[in-house]
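Asks: A single structure is presented below for examination.
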Amino acid sequence: MGLGVTHRAMAAGLGLVAAWAGHGSAIAAERVILTYGFLSMEIPIEQLDTLARTGESPGELGRLLRLTNQEPATLQQALTNPVPANPLVLDIVLRTPPGEWVLDRIGETIQPSSGVAGSRSALRSALIGAASNGEITLLEVMRVYPSPEIVVQGDRVAETYSEVFDLLEPFIKYRPRPNAPQNNES
């Protein structure tokens, strides 16, 4: 009896977290301070949306990418590469010591502009909210992050994605790693 009630309570709690951290949230990232090495620029999230949808890097985003010799396609891929995730499993995993390590690692790459205080719980909420459709993308995490402005270390995104994917892979439904070389031998 207790186990069923616990699972229902956890699912209800996740629903509330996802609703709070989702698109209808009053507090969600509107601006991203995107940094590459010593260069950083405030980028409206709409410009990242445009890059994700079209591959074009408008305005400040385009200037920053040109200044840092970054390919727009590389950032587009980092923003849109999905990681399959179940919000319930993710909530459980992120509350374990290895899960907290994952949060800390991701928190080195994406964090509120106000500093790191409370960033672990904010990041957990953003990840769970972003997973509400069964997968997580960096762009969706940024959209639902419960802070109006976040800092993203652009030069660390690919490395962090790879580490997190490797760690979470046992907890997700198996599918080939995005962009992994495929063995075409017969």
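What follows draws every value from the coordinates through simple rules; no lab data is involved. Treat the numbers as computed from the prediction; the structure is a model and nothing was measured. Reconstructed Cβ throughout: ideal geometry from the backbone, glycine too, with neighbour counts over all protein chains shown.
Asks: Using modelled backbone amide H atoms (1.01 Å from N, in-plane), which distant-in-sequence or interchain residues come within less than 5 Å of ILE43's amide H?
Replies: Counting only residues 5 or more places away or on other chains, the set is VAL32, ILE33, LEU34.
Asks: Out of residues 5 or more away from SER147 or on other chains, whose amide H comes under 5 Å of its own, with H placed 1.01 Å from N in the peptide plane?
Replies: ALA28, ALA29
Asks: Just flag the GluC sites (Glu not before Pro) in segment 76-141 sitting in loop per DSSP whose Cβ has no more than 15 other Cβ atoms within 10 Å.
Replies: GLU108
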